[in-house]
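Read the structure below first, then the notes.
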Amino acid sequence: MSNHRILLLQNAHDHSSKLLRSAATVLGFLAAIAAGAQLRPAAAQFMQAMNASMERMDRQMASAPMNGDVDHDFAAMMIPHHQGAIDMAKVELIYGKDPVMRRLNVVTSQLINQTEETHQ
């Protein structure tokens, strides 16, 4: 085989290697974009559920029956406030992945429920 032909084959091999590396880089980039796109809907759903919980809590606190007795009025607003915390903890349990946060939410929900049962 001539030196010229060997050089052509080496150049073709080098070019092919560069193309393969470039293609791998592009595919990696596309995979990262796809993974990010899959994360966004879960984050958006999480925020939508959290906002719904907070808006519901705010409405219920604003419409709590007030009678001018500070202790009664405080309790009337704390019940929907605590229910809002429970609702938000449930949302975190659905979308969250951190085991410490998940356990904290379960314990917090249990404490709030026990406290409300005691005061009813």
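See the values below:
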read-out	value
Ranked by how many other beta carbons lie within 10 Å on average, peptides 67-76, 84-93 from highest	84-93, 67-76
Stretchable slack from N51 to I79, in nm (0.36 nm times residue separation minus alpha-carbon distance)	8.2 nm
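Each value in this text was obtained by applying a stated rule to the coordinates, not by laboratory testing. Keep in mind it's a predicted model, so treat the numbers as computed, not measured. A quick note on method: Cβ atoms are made from the backbone with ideal geometry, for glycine too, and the neighbour counts reach across all protein chains shown.
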